[in-house]
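J.: The structure's right below; bear with me while I get my questions together.
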Amino acid sequence: MSTPQQYGRAVFELLLKRLDFEDRATAMEHHRICDDGVYLRPIEEIIDIELLEAEYDAVAWHPLRDVSKPALLFPFTVRELAAFCFPGSGSSLIVSYEDIDGLDPNKLANLGRNGDSARQLVIETHALLLELNTRFFLAQHQSCIEGDDTADTSLEDAALAWLFGKQGEPPEPEAMPRLTTLRSIPLPVGPAPIPTSDMSAALANVLGKNTKSWQVTLGDPPKWLQQARVKKGCRAQASTWHPIELASAISKRHDIHLADLKPIFWRRELREWRDEWAEHLKDTTYMTP
């Protein structure tokens with residue numbers, strides 16, 4: 001059996017440096033880079049608000065369950081990076097290389113002429129995470145959508161065991177589509193709903209509230225906002241939102257022109273919804289405050 005290829009700190013930092021500032025900050029907001037690896041930052045440094053269990057589990061994700069050790073040790077393999085970037089948890093580094101259809105070829109090309117090993121690392125890690133998410137979590141995600149909030153907490157351990165080859169192959173998921181992106185599971189029609197973390201970032205400065213404040217609001221939404229929630233979160237998946245319904249709810253509740261909320265749809269997190277938003281404005285009439 002051949003020895004898996006290993007990658008060092010220089011390759012990891014190249015993946016970060018070639019992202020734009022916002023993606024780079026998001027990818028490492030929960031971690032710090034040290035000489036021997038990437039460590040999870042103390043939870044009190046990351047966030048100072050009350051979190052739902054699913055959101056806390058995502059923020060505090062550590063593949064070794066031991067914060068005294070690096071979450072990603074230098075050097076590392078593809079499978080170790082996949083464990084660090086576990087779907088829905090840990091770092092969003094690999095997610096930052098996606099577009100709406102999968103990996104973004106422009107972002108891969110931006111790694112430069114000396115970035116062949118980094119490109120291959122992203123491609124292989126992305127494919128491995130898609131396989132893991134399809135095999136273990138797609139069915140559970142469907143259960144959450146259908147209203148079953150009970151989560152099999154052993155799935156994470158089983159997925160990690162499969163990732164590191166400590167157990168046999170799980171059965172192929174039945175009647176489940178293959179995923180193409182890690183951001184979310186697309187709906188049959190229209191753009192994919194937006195997870196709480198991205199929705200909160202897009203809403204920053206709306207009603208004078210920052211991202212963290214919106215995370216609190218969306219984590220336990222008042223009744224007037226619940227109509228915009230597509231799926232209530234469970235352990236495996238965060239809640240997701242219909243941004244146009246959410247903007248409409250804010251407009252009605254706070255007597256704001258709907259068109260004045262246009263800037264949130266020009267945030268990176270909602271770019272897939274811009275056409276839907278433009279069509280919605282054409283078809284909607286509203287009262288002037």
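J.: Scan the range 83-132 for residues that are within 18 Å of the chain's Cα centre (by Cα), more than 20 Å from Pro191 (Cα to Cα) and of a type outside the set (Gly, Ala, Ser) and report the count.
T.: Result for the range 83-132: 14.
J.: Is there any pair linking a residue in the range 105-121 that is at pLDDT below 95 to one that is open to solvent by less than 70 Å² (accessible area, probe 1.4 Å) and of a type in the set (Phe, Trp, Tyr), with Cβ under 6 Å and at least six apart or on different chains, and which?
T.: Final answer for the pair search is Lys107/Tyr97.
J.: What number of residues in the range 20-39 are surrounded by 11 or more Cβ atoms within 10 Å (Cβ to Cβ) and either in a helix (DSSP H, G or I) or in contact with an Asp or Glu (Cβ under 8 Å, 6 or more places away or on another chain) (or both)?
T.: Selection size over the range 20-39: 7.
J.: Okay, moving on. Select the helices (runs of 4 or more DSSP H) contained entirely in the range 222-287, then report the ones holding at least 1 residues which are of a type in the set (Asp, Glu) and at pLDDT 85 or above. Talk me through it step by step, then tell me what you get.
T.: On the way: elements: 223-226, 243-254, 274-283.
Result: 243-254, 274-283.
The values are calculated or read from the model by the stated rules, or taken from the named source; none is laboratory data. Model, not experiment: these values are computed from the prediction. Note that we place each Cβ from the backbone using ideal geometry, even for glycine, and neighbour counts take in every protein chain shown. Just the protein is used for accessible areas: all its heavy atoms, side chains included, with ligands, DNA and RNA removed. Shrake-Rupley method; radii C 1.70, N 1.55, O 1.52, S 1.80 Å.
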